[in-house]
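Everything below concerns the one structure shown next.
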Amino acid sequence: MNSQSQVESTLKEILEVVKPLHEDWVTRFKIINELREVVQSIENLRGATVEPFGSFVSNLFSRWGDLDISIEVSFGQCVSSAGKKRKQTLLGELLRALRKQGGWSRLKFIPSARVPILKIVSKWQNISCDISIDNIQGEIKSKFLFWLNEIDGRFRDMVLLVKEWAKANGINNPKTGTFNSYSLSLLVIFHFQTCVPPILPPLKDIYPTNVVDDLTGAKVDAERRIAQVCSSNIARFKSSTSRIVNRSSLSELFISFIAKFSEINLKASELGICTFTGQWEYIANNTRWLPRTYAIFIEDPFEQPENSARAVGQKQLVKIAEVFETTRCILISANITRNTLLPTLVGPQTSRFLIKKHPTVYPNSNYRYYRNTPPQAHRVVQSPLQMQYHLWQPQYKNSRPSTSQMQHQGPRMVPSTPKPQSQFARMRVPNGPRLPNHQFQKPNPSVPQDQVQVQVQPQIQRPRTEGYNVKFGTRGPHQVQHNQGQMWRPKYDK
């Protein structure tokens, strides 16, 4: 086995370990339910809703990932946010209620943070939870990352691998002056925008303005407007006949990602990373980034001109660059083995699952089997949360997909129109909550395995295009319009 093949097989093996299983979803829903009960027991929070966001909603979390929770006290009406003093008071009341109830450990209140946070650890799988108040910006950012994952399933795989690698090498902790997980996700987006050919477009082609500026008025209307613009532009990008499909393997993408940022400390002195434009930007020429006081600038594309890597220090940036360079040398070295790769790519927790044997089955993959079709090269993974969020379903023409579409987008189909349902409907079993009915189907034993295809129902709404053939880039991105359609959003409380 040559070096790149070894890297490829090792990365896939790691993915099968870090991807969440069914019980990992169930556990997090159970925690959300328990937090809801505590919130409703507090006089000043009665009627508030408990909304998950972060990697859980974007489907970019690992089996051991944290859970981010926003308690919305605006009751889902207008986009508003309690003042910092009010947030501190409410989180303080929640802290006392959680202590009184018991079953939670390592409770830590951080009132002085930019966004006041209450950190707790659940008795279920010791999952850490970060609780904030009215974090609608975090919610909409999470949905954007989820939509990007719908473009190409390799995005999710890369984010999971990069976060695991960064934790293993001590550069995924903003408390110690290194990257937070959101910054790492933005680096993956940037890599997918700047590889050749690009996998993702500049984010301005998906949403042409600053997202947080458009979070005004009724919350449900604001979210619907944003979702419609993104849905239209993503569909246009995916359906473009002029787009060259990137067929790079996971190992090729990972190795080139590491190489791209191996001298990041040198570039950061003059250049900032801008996923909104999809290119390096000179800091001196970018007035919205001045005055610059950061070691590295990774602009938050949804909350410009905020720096998502503002916690990174200059000394730590040198360490980060050294980790990138050391990893690059290992990945391109001759005669590398699984045993030499694992200490660099994974931490101790993941290593315990990889030491004894190499997985040969895929118990946690979101597969759906269809007859007489070839396998996909890169599947787009459907999250169980989609059953809750009811992200818009595309309506495709009844036409046979091209080979590239089958490999990177999944076969086209006309799904049924989803019906809104109450929170956690279809998620109850005698022993607690379960996931919605999922898309698993047993393969037909009469069909040879080399003719089995993975298929996942796509989730981004596409407008009907009969008689409408447009090449991506020939028209400007779809602009924000008001009162277009309807979008059902999740309600974990009623």
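Brief remarks on what is shown
- Residue ID - farthest from ARG46 (Cα to Cα), chosen from residues in region 115-151 that are of a type in the set (D, E, K, R) and either touching a Lys or Arg at 6+ places or on another chain (Cβ under 9 Å) or assigned to a strand (DSSP E or B) (or both): GLU150
- Failed criterion for SER122 (all others in (1) open to solvent by 40 Å² or more (accessible area, probe 1.4 Å); (2) more than 21 Å from the chain's Cα centre (by Cα) hold): (1)
- Criterion violated by PHE192 - all others in (1) open to solvent by less than 10 Å² (accessible area, probe 1.4 Å); (2) over 20 Å from SER251 (Cβ atoms) satisfied: (2)
- Filter result for ILE199 (open to solvent by less than 20 Å² (accessible area, probe 1.4 Å), within 16 Å of ASN233 (Cβ to Cβ) and either in contact with a His (Cβ under 6 Å, 6 or more places away or on another chain) or not in a helix (DSSP H, G or I) (or both)): yes
- Across region 273-294, the qualifying residues are those that are more than 20 Å from the chain's Cα centre (by Cα) and within 20 Å of PHE257 (Cα to Cα), and the one among them that is surrounded by the most Cβ atoms within 10 Å (Cβ to Cβ) is GLU281.
Conditions tested, residue by residue: (1) without any contact (Cβ under 8 Å) to a residue 24 or more places away in the chain; (2) farther than 16 Å from GLN193 by Cα; (3) aliphatic (A, V, I, L, M).
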| site | (1), (2), (3) |
| --- | --- |
| ASN265 | no, yes, no |
| SER269 | yes, yes, no |
| ILE283 | yes, yes, yes |
| ASN286 | yes, yes, no |
| LEU290 | yes, yes, yes |
| TYR294 | yes, yes, no |
| ASP300 | no, no, no |
| GLN314 | yes, yes, no |
| LYS319 | no, yes, no |
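- Qualifying residue in region 32-55 (condition: touching a helix residue (DSSP H, G or I) at 6+ places or on another chain (Cβ under 6 Å), open to solvent by less than 40 Å² (accessible area, probe 1.4 Å), under 16 Å from GLY138 (Cβ atoms) and polar (S, T, N, Q)): no
- Evaluated against (1) open to solvent by 10 Å² or more (accessible area, probe 1.4 Å); (2) modelled with pLDDT of 95 or more; (3) in contact with a Phe, Trp or Tyr (Cβ under 7 Å, 6 or more places away or on another chain), LYS141 falls short on exactly one condition, (2).
- Qualifying residue in region 172-189 (condition: free of Cβ contacts under 8 Å to residues at least 12 places away in the same chain and assigned to a loop (DSSP other than H, G, I, E, B)): yes
- Residue match in region 2-25 (condition: surrounded by 18 or more Cβ atoms within 10 Å (Cβ to Cβ) and either touching a Gly at 6+ places or on another chain (Cβ under 7 Å) or of a type in the set (Phe, Trp, Tyr) (or both)): yes
- Qualifying residue in region 219-233 (condition: within 18 Å of SER58 (Cα to Cα), in contact with a Ser or Thr (Cβ under 7 Å, 6 or more places away or on another chain) and touching a residue at least 24 places away in the same chain (Cβ under 8 Å)): no
- Screening LEU186 with (1) modelled with pLDDT of 95 or more; (2) within 23 Å of GLN314 (Cβ to Cβ); (3) over 17 Å from the mean Cα position of the chain (by Cα) gives one miss only, at (3).
- Looking only at region 297-324, residues that are over 22 Å from the mean Cα position of the chain (by Cα) and not charged (D, E, K, R) come to 9 in all.
The values are calculated or read from the model by the stated rules, or taken from the named source; none is laboratory data. All of these numbers come straight from a predicted model, not from anything done at the bench. Here Cβ is always computed from backbone atoms with ideal geometry, including for glycine, and neighbour counts include all displayed protein chains. Ligands, DNA and RNA are excluded from the accessible area calculation, which covers all protein heavy atoms including side chains. Shrake-Rupley method; radii C 1.70, N 1.55, O 1.52, S 1.80 Å.
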